[in-house]
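Below is one structure, written out as structure tokens; the observations come after it.
The values are calculated or read from the model by the stated rules, or taken from the named source; none is laboratory data. Everything quoted here is computed from the prediction, not taken from an experiment. Quick reminder, even Gly has a Cβ in these numbers, built from the backbone with ideal geometry, and neighbours come from all protein chains shown. Side chains are part of the model used for accessible areas, which takes the heavy atoms of the whole protein and leaves out ligands, DNA and RNA. Shrake-Rupley method; radii C 1.70, N 1.55, O 1.52, S 1.80 Å.
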Amino acid sequence: SALAEIASNPMLLTTMAIVHQEEKRLPDQRVALYKRAVDVLLRRWQTYKTGEALPDDALAPFLKDERRLRATMERLAYEAHRTGHGNREAAALDRMDALRLIEERMGSLDLAEAFLTYVDRRAGLLTGQGGTTTKPDTFTFPHRTFQEYLAGCHLLSERGIGRTLDALAEEGDYWRVAVQLAAEELFYTNKGGQNDVLDLAYGLCPAMLPDTQAGQRRVLWSAAMAVLVGREQVEADTGGPNGGGPYLDRLRSHLVTMLGGVLPPVERAEAGRHLAVLGDPRQAVTTVEHMDWCLVPSGPFQMGSPDSDDLAAEYEKPLHEVTLTYDYWIGRFPVTTAQWWAFVEASGHEPEHQNSLKGFANHPVVYVTWYEAQAFCDWLTEQLHQVAAEARDVWEHASGSEGTLWRGLLRRQLRVSLPSEAEWEKAARGDSDARRYPWGDSWDASRCNSGETGVGKTSAVGSFPVGKSPFGAEEASGNVFEWTRNSYQHDLYTQRAERQVIDPSSPKVSDRYVLRGGVFGGDQGLDRCACRDLCIRPDFISSVIGFRVVIRPIPEG
């Protein structure tokens, strides 16, 4: 949060305390907090203690001119941010560069020197570092947050801000926070700010989605501005032919494409979050009746890990052939929060943990027990049987895999369940080799949401299509761990798969059920197709455990 960002710095924590003392409460919006904190820090340069030497008479008018003083700090912050690309801390601005920029504002190099000498002697918004006690080599802001905030404010003073943002988008994700803070400053502190933000957002979102990183980044910034304004307010804007509803439709379409686009994973994940807030149009992600299913044909595959795999545990071994004697279908994605919501609302189920309903709609649902995942499967079985019956005339004579699937559901020969370990692993690995990962043997952090990818949280399903399995299942590596219907039994794991189709007969709380698929905070070892490293009680609830479902033949007898 904004408070946590600032409170780590002792001087800024004191500044927050002063703001709180003056206003009795801290502002709700972070830009309002930054604005008040900047005012407090600037005031330190305008207030003199008894007996303290006053600045040069020619310097005093500049210090008292709040608009000129703040505009100067904004320009310095902007230039500092430009020089600090890739730096996680506040960037250091060379003394000569600072003098040049201040001279432009004050019209005198001598006054610029006097100003830097003065501010270096007083704690405030600019601090000298290195050099001598009277002439520091560089100057920095007390926290990167203030550098980004003031740099964003300077952006708003630029003529042709759209062209400036186009250029900054070429520099990667580095300017994202400054651009977002600029939009927030415009929205919260300026009269008519909503319209100004919308005009800016519209200009960043062209009719055709660019195929470059910079072009898609501009659309991402546009989406962040739309989220700031709010979906309903955007839809209600009828100020121009390229705005309002048409803009929102265009933006959502672009964001869907961008999930599998050219941006780095962290930015694609951000696009997925914006899409959730603005309304994800993908029915396969937001409904249960339109879920995407991937056919996994019957036949043998290689299950487990070879002795040569240095990442494998002993309970993944040996590598052995397993034959699944039936076709089945696995969900293209893990079950999402939106689909879990549909189950809860329709069935009246009371979730074990209310956080299962609080995630982004297009992210995998988490905080779900094994028992609850099974309940979802039972409910979805009946839902799909009904959907098939309502389109009986269509499915009775349909051809292809889809026709076979829906005809089996129509005749109640198929049901939804959690996948067995064998069903999950074959769907993730394919049947032609014993590959380590769904995409092949070589690790590639850009193909999944893992600890090495940098997302640091769950991501919208569909954000890693380049990591799909040979059968089309996506995110079988990373994002969230997934429940299977098998309890941990090594003899069952190594035997032929005729037993794998059998449901657990009497699940007990003391049983340990196997999780598959890795997790957003995990490593490449956990993301392997054969990894069965975690075995958890069926009543366990976690922010990193979700589930995926299969449609398979109903066992006879």
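Quick notes
- Qualifying residue in region 222-232 (condition: of a type in the set (S, T, N, Q) and either modelled with pLDDT of 95 or more or touching a Leu at 6+ places or on another chain (Cβ under 6 Å) (or both)): yes
- From the list 398, 342, 346, the lone residue that is open to solvent by 10 Å² or more (accessible area, probe 1.4 Å) and not in a helix (DSSP H, G or I) is 398.
- Counted residues, region 82-119 - those being charged (D, E, K, R), open to solvent by 30 Å² or more (accessible area, probe 1.4 Å), modelled with pLDDT of 85 or more and under 43 Å from the mean Cα position of the chain (by Cα): 7
- Only one entry of 429, 447, 415 meets the criterion of being under 24 Å from residue 296 (Cα atoms), open to solvent by 20 Å² or more (accessible area, probe 1.4 Å) and in contact with a Lys or Arg (Cβ under 8 Å, 6 or more places away or on another chain), and that entry is 415.
- For residue 315, the criteria (1) in contact with a His (Cβ under 7 Å, 6 or more places away or on another chain); (2) open to solvent by less than 20 Å² (accessible area, probe 1.4 Å) hold in every case but one, which is (2).
- Members of region 191-217 found to be open to solvent by less than 50 Å² (accessible area, probe 1.4 Å) and part of a helix (DSSP H, G or I), listed by number: 193, 197, 198, 200, 201, 202, 214, 215, 216, 217
- Inspection of region 357-366 finds a residue satisfying the criterion of being in contact with a helix residue (DSSP H, G or I) (Cβ under 9 Å, 6 or more places away or on another chain), closer than 22 Å to residue 329 by Cβ and of a type in the set (Val, Ile, Thr).
- Test set (1) of a type outside the set (Phe, Trp, Tyr); (2) assigned to a loop (DSSP other than H, G, I, E, B); (3) touching a His at 6+ places or on another chain (Cβ under 7 Å) - residue 223 fails condition number: (2)
- For region 470-490, the count of residues that are over 27 Å from residue 269 (Cα atoms), assigned to a loop (DSSP other than H, G, I, E, B) and either at pLDDT below 95 or not basic (Lys, Arg) (or both) is at least one.
- Residue within region 272-290 that is of a type in the set (D, E, K, R) and more than 20 Å from the chain's Cα centre (by Cα) present: yes
- Among the residues of region 408-440, those that are of a type in the set (A, V, I, L, M, F, W, C), closer than 20 Å to residue 549 by Cβ and out of contact with any helix residue (DSSP H, G or I) (no Cβ under 7 Å at 6 or more places or on another chain) comprise 424, 427, 428.
- Of everything in region 225-255 that is open to solvent by 10 Å² or more (accessible area, probe 1.4 Å) and of a type in the set (Gly, Ala, Ser), the residue that is farthest from residue 189 (Cα to Cα) is 253.
- Hits in region 282-299 - residues which are more than 17 Å from residue 463 (Cα to Cα) and hydroxyl-bearing (Ser, Thr, Tyr): 287, 298
- Among (1) buried (at least 21 other Cβ atoms within 10 Å of the Cβ); (2) at pLDDT 95 or above; (3) aliphatic (A, V, I, L, M); (4) outside any loop (DSSP other than H, G, I, E, B), the one test that residue 422 misses: (2)
- Residue match in region 14-34 (condition: over 18 Å from residue 185 (Cα atoms), at pLDDT 70 or above and either open to solvent by 70 Å² or more (accessible area, probe 1.4 Å) or in contact with a Pro (Cβ under 9 Å, 6 or more places away or on another chain) (or both)): no
- Of residues in region 370-395 being closer than 30 Å to residue 537 by Cβ and among the polar types (S, T, N, Q), the one least open to solvent (accessible area, probe 1.4 Å): 381
- Boolean, residue 130 is open to solvent by 50 Å² or more (accessible area, probe 1.4 Å), at pLDDT 85 or above and among the small types (Gly, Ala, Ser): no
- Among the residues making up region 432-444, those that are open to solvent by less than 40 Å² (accessible area, probe 1.4 Å) and either without any contact (Cβ under 8 Å) to a residue 12 or more places away in the chain or not in a loop (DSSP other than H, G, I, E, B) (or both) are 437, 440.
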